[in-house]
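Chemist: Have a look at this one.
The values are calculated or read from the model by the stated rules, or taken from the named source; none is laboratory data. Predicted model, so just to flag it, every value in this text is computed and none were measured. Cβ placement follows ideal geometry from the backbone for every residue including glycine, while neighbour counts extend to all protein chains displayed. Side chains included, ligands, DNA and RNA excluded: accessible areas come from the protein's heavy atoms. Shrake-Rupley method; radii C 1.70, N 1.55, O 1.52, S 1.80 Å.
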Amino acid sequence: MSSAALETKDTVASLGEKYKYGFVTDIEMERAPKGLSEETVRYISAKKGEPDWMLEWRLGAFRRWLAMKEPKWARVHYPPIDYQDAYYYAAPKNTPKKQSLDEVDPKLLETYNKLGIPLSEQMALAGVAVDAVFDSVSVATTFKEKLNEAGVIFCPISEAIRDYPELVKKYLGTVVPVTDNFFATLNSAVFSDGTFVYVPKGVRCPMELSTYFRINASETGQFERTLIVADEGSYVSYLEGCTAPKRDENQLHAAVVELVALDDAEIKYSTVQNWYPGDENGLGGIYNFVTKRGDCRGDRSKISWTQVETGSAITWKYPSCILRGDDSIGEFYSIAIANNFQQADTGTKMIHLGRNTRSRIISKGISAGKAQNTYRGLVSVYGKAENARNFTQCDSLLIGAECGAHTVPYIESRNPSARIEHEATTSKIAEDQLFYCLQRGLGQEEAVALIVNGFCKEVLQQLPMEFAVEAQKLVGISLEGSVG
Amino acid sequence: MLDIKNLRVAVDGKEILKGLTLKVEAGRVHAIMGPNGSGKSTLSYVLAGRSGYDITEGSITYNGEDLAALAPEERAARGVFLAMQYPVEIPGVTTMMFLKSALNAQRRSRGELELDAITVLKRVRAKAAALNVSEEMLKRALNVGFSGGEKKRLEILQMALFEPSLAILDETDSGLDIDALRLVAEGVNSLRTPERAMLVITHYQRLLDYIVPDRIHVLAKGRIVAEGGKELALELEAKGYEQIVKDAA
Ligand SMILES: Nc1ncnc2c1ncn2[C@@H]1O[C@H](COP(=O)(O)OP(=O)(O)OP(=O)(O)O)[C@@H](O)[C@H]1O
Ligand SMILES: [Mg+2]
């Protein structure tokens, strides 16, 4: 195993606390005035030194957003969000425009070390390039040179807007339109940073790309924007990780991720989401309202989403695939864990437009404590999608008697040649399984973690090796105290 | 080593063990026989600490400690091992992974260093060969789709790996073919040491030909109704339980 992978394992092994990411970094911040107005949008755009076209794009989104209503169809409950009572931009002072790691505030680097992200050469050994977003600004992007050699662009989206305006203009908002939904439109108006990736024709990206998102400042929303374009015949694997400090208030996170795969291209997008979930009594935690969508724009293209969702007080998230190209493939592998008072409403949409398009959905929902966990999925086959195929498997595991699991599949087919299979199971951790583990010496929590990891195996297998180890530990940690 | 005194155990409010007394010294192998439903598995579960088995009276002392006060995993770490009558399937967890996690959990609990994957693998392989447990089985999910005999062999493999000081074998012989029975018996015999005690639950004299017990107890209706040396097994085989139980009454 590579040294970085070992380091990840060690960091993970040293986890003692339930939510070890709950620390706050004491760093001087620069913020936009509180509240949301045209002024806020202009402030953000100015801070980023954006061209006029980008400002206009944002303002258009903002005006549109004013007329929109928050969606209410998900099985999640929360008090009304006061959009004027939050900051929309917060940045560590004096950080932007760093040329090398040496120039980055050592406190920030320390934070990333605590998070177990070694922003060092070791990551290169592991073949991972990291872009780290701290509140609203991208702090450091490593291994740019190696990627440059391959012609891969991997940079903060703010930089891409300045340096690659044509590419950004060509693809931004083409998968998730500005007007898509309340949260996506809000994001379009105020997004502060995020990641841009472009993999040129025929290039297999030489390393895993990875972004860590961190919310540090209080009362601050985080609105990052990610755009990944895989040109013809290219391949890229991308991983995002997310953490936030423990706070009693709820913080809003409304990200947008757009993926575009052209002919014969493949994008693998993995998420390990561990935003602060709130405490045992349901106080605090991140509201995670995220729009993620991939467009299999080219023939024989493939987009694969893998997500491990353990954090957030509320998760509202449906990574989807538009299977536009003929013979294109969409996949969604998901583990959603909800413990204590967490609410998760997550799933996917597979939109079959092209011929011979195939999709596969494997969803593993685990509920414990008083949590509610909903799988919501749409499989839609359009009239021209000859021979479309879908296989869906939704398994729910309940721990304890006070939690709930719900499966809400929507299936629409306008082509008689479509073949759609749906399987669903709901089970509990059996007492005899638990006893067997205890008898062999495993503690209660270790036993639950082991059994749940077994339940999730098909999804964990989809993650890049180094992160699968971390995710397995995370599964155990998020279920601590759920049995007994 | 093990001292059970006047043990009464209820499950769901129903009394199953009704005043059972049994003493096992280190280095000894005791066999427990008895009709279906007499409480043999119940006894094994109580010793292992399964929840739902309530001790209403009596005591269990193990190496001077009150066994009933310990959690099941603490008992395991102190060397109590139960080869189960019906080993449980755990989907998605490979057998090898399970063995490593369990072994290291026990070691951690005893304050010993954890073993790395390679060391565990070596140890497991060494034991697996003798028990005819294939490499392929170790890679499969624990007990999932294993045949009855394979499950039993894996239980004995775990016993060999954990090196317990008190091993309870609940009908490990049922479901085994003749060759497997011999392998399992050899496995058990190789673990017979002056420090280790065993409680072998079985219905068949045949197993006791291979694992010769120091003492045999007959359990009926939650009580020990007859005791004797290894010749008692032959008598049981000849007369059947009914007669023995009647004689004892
Ligand atoms: N949860 C339960 N509720 C009520 N009765 C139970 C429960 N569990 C076990 N019993 C009863 O306790 C009695 C003893 O069961 P046990 O499994 O200990 O028998 P055994 O001696 O191991 O039998 P066998 O030889 O068939 O394995 C049986 O009559 C069984 O039905
Ligand atoms: Mg039994």
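Chemist: I need the full set of residues from the stretch B:73-92 which are open to solvent by less than 20 Å² (accessible area, probe 1.4 Å) and out of contact with any Cys (no Cβ under 9 Å at 6 or more places or on another chain), in order please. Don't jump to the end; show me each part of the working.
Modeler: From the stretch B:73-92, those open to solvent by less than 20 Å² (accessible area, probe 1.4 Å) are B:75-77, B:79-84, B:87-88, B:90; that's our starting set.
Scanning the stretch B:73-92 gives B:R75, B:A76, B:A77, B:G79, B:V80, B:F81, B:L82, B:A83, B:M84, B:P87.
Chemist: Sticking with this structure for a sec: Any residue in the stretch A:409-424 that is within 13 Å of another protein chain (Cβ to nearest Cβ) and open to solvent by 50 Å² or more (accessible area, probe 1.4 Å)?
Modeler: no
Chemist: Considering only residues that are more than 16 Å from ligand 2 (Cβ to nearest atom) and either outside any strand (DSSP E or B) or crowded, with 16+ Cβ neighbours inside 10 Å (or both), which ones fall in the stretch B:31-58? Quick ask: steps written out before the conclusion?
Modeler: So in the stretch B:31-58, the residues more than 16 Å from ligand 2 (Cβ to nearest atom) come out as B:49, B:51, B:54-58.
Once the filter is applied, which keeps residues that are more than 16 Å from ligand 2 (Cβ to nearest atom) and either outside any strand (DSSP E or B) or crowded, with 16+ Cβ neighbours inside 10 Å (or both), the stretch B:31-58 yields B:G49, B:S51, B:G58.
Chemist: List the pairs whose first member sits in the stretch A:203-218 and is at pLDDT 60 or above, whose second member is of a type in the set (K, R), and whose Cβ atoms are under 9 Å apart, counting only residues at least 6 apart or on separate chains?
Modeler: Cβ pairs passing all conditions: A:P206/A:K146; A:M207/A:K146.
Chemist: Pick from the stretch A:232-261 the residues that are at pLDDT 95 or above and surrounded by fewer than 21 Cβ atoms within 10 Å (Cβ to Cβ): which of them is nearest to A:A90 (Cα to Cα)?
Modeler: Once the filter is applied, the top-ranked residue is A:Y235.
Chemist: Can you name the residue in the stretch B:59-72 that is in a helix (DSSP H, G or I) and surrounded by 15 or more Cβ atoms within 10 Å (Cβ to Cβ) and is also nearest to the chain's Cα centre (by Cα) among such residues?
Modeler: Within the stretch B:59-72, the first condition is being in a helix (DSSP H, G or I), and the residues that meet it are B:67-69, B:72.
Then drop every residue that is not surrounded by 15 or more Cβ atoms within 10 Å (Cβ to Cβ), which leaves B:67-68, B:72.
Details: B:L67: 16, B:A68: 17, B:P72: 14 Å.
Result: B:P72.
Chemist: Given the options B:G19, B:G13, B:G49, B:G39, name the one that is of a type outside the set (F, W, Y), touching a helix residue (DSSP H, G or I) at 6+ places or on another chain (Cβ under 8 Å), within 16 Å of ligand 1 (Cβ to nearest atom) and on the phi > 0 side of the Ramachandran plot.
Modeler: B:G49 is the lone residue from the list that is of a type outside the set (F, W, Y), touching a helix residue (DSSP H, G or I) at 6+ places or on another chain (Cβ under 8 Å), within 16 Å of ligand 1 (Cβ to nearest atom) and on the phi > 0 side of the Ramachandran plot.
Chemist: Tell me which helices (runs of 4 or more DSSP H) are completely within the stretch B:137-249 and hold 1 or more residues being at pLDDT 90 or above, within 16 Å of ligand 1 (Cβ to nearest atom) and open to solvent by 20 Å² or more (accessible area, probe 1.4 Å), or say none if there are none.
Modeler: Filter on the stretch B:137-249 gives B:148-162.
Chemist: Here's something else I'd like to know. Pairs needed: first member in the stretch B:37-62, within 10 Å of chain A (Cβ to nearest Cβ) and over 15 Å from B:L219 (Cα atoms); second member anywhere, acidic (D, E) and near ligand 1 (Cβ under 9 Å from one of its atoms); C-beta distance under 8 Å; at least 6 residues apart or different chains.
Modeler: Matching pairs, first to second residue: B:G52/B:D12.
Chemist: Quick one: B:R108 ticks every box in (1) outside any loop (DSSP other than H, G, I, E, B); (2) more than 13 Å from chain A (Cβ to nearest Cβ); (3) surrounded by fewer than 20 Cβ atoms within 10 Å (Cβ to Cβ) except a single one, so which number is it?
Modeler: All conditions are met except number (2).
Chemist: Go through the stretch B:113-136 residue by residue and tally those that are open to solvent by 60 Å² or more (accessible area, probe 1.4 Å) and outside any helix (DSSP H, G or I).
Modeler: 4
Chemist: B:R75: of a type in the set (D, E, K, R), more than 10 Å from chain A (Cβ to nearest Cβ) and part of a helix (DSSP H, G or I), yes or no?
Modeler: For B:R75, the condition - of a type in the set (D, E, K, R), more than 10 Å from chain A (Cβ to nearest Cβ) and part of a helix (DSSP H, G or I) - is not met.
Chemist: Restricting attention to the stretch A:275-314, report how many residues are part of a strand (DSSP E or B), within 14 Å of A:A371 (Cβ to Cβ) and either over 16 Å from the mean Cα position of the chain (by Cα) or not acidic (D, E) (or both).
Modeler: Count: 2.
Chemist: Within the stretch A:380-424, can you find the residues that are farther than 21 Å from A:H77 by Cβ and part of a loop (DSSP other than H, G, I, E, B)?
Modeler: A:Y382, A:G383, A:K384, A:A385, A:E386, A:N387, A:A388, A:R414, A:N415, A:P416, A:S417, A:A418, listed by residue number.
Chemist: For the stretch B:168-178, which residues satisfy the criterion of being on the phi < 0 side of the Ramachandran plot, within 16 Å of ligand 2 (Cβ to nearest atom), away from chain A (no Cβ under 11 Å) and not charged (D, E, K, R)?
Modeler: B:L169, B:T172, B:S174, B:L176
Chemist: Which of the numbered conditions does B:M97 fail, given that it passes all the others? Conditions: (1) within 9 Å of chain A (Cβ to nearest Cβ); (2) open to solvent by less than 20 Å² (accessible area, probe 1.4 Å).
Modeler: Of the numbered conditions (1) within 9 Å of chain A (Cβ to nearest Cβ); (2) open to solvent by less than 20 Å² (accessible area, probe 1.4 Å), the odd one out for B:M97 is (2).
Chemist: Got a number for residues in the stretch A:344-363 being open to solvent by less than 10 Å² (accessible area, probe 1.4 Å) and not small (G, A, S)?
Modeler: Summing the residues that are open to solvent by less than 10 Å² (accessible area, probe 1.4 Å) and not small (G, A, S) in the stretch A:344-363 gives 8.
Chemist: If you take the residues of the stretch A:435-452 that are touching a residue at least 40 places away in the same chain (Cβ under 8 Å) and surrounded by 22 or more Cβ atoms within 10 Å (Cβ to Cβ), which of them is farthest from the other protein chains (Cβ to nearest Cβ)?
Modeler: Restricting to residues being touching a residue at least 40 places away in the same chain (Cβ under 8 Å) and surrounded by 22 or more Cβ atoms within 10 Å (Cβ to Cβ), the top hit is A:V448.
Chemist: Now, a different point. For A:F341, which of the numbered conditions (1) on the phi < 0 side of the Ramachandran plot; (2) at pLDDT 95 or above; (3) open to solvent by 10 Å² or more (accessible area, probe 1.4 Å) fails to hold?
Modeler: Single failed check for A:F341: (2).
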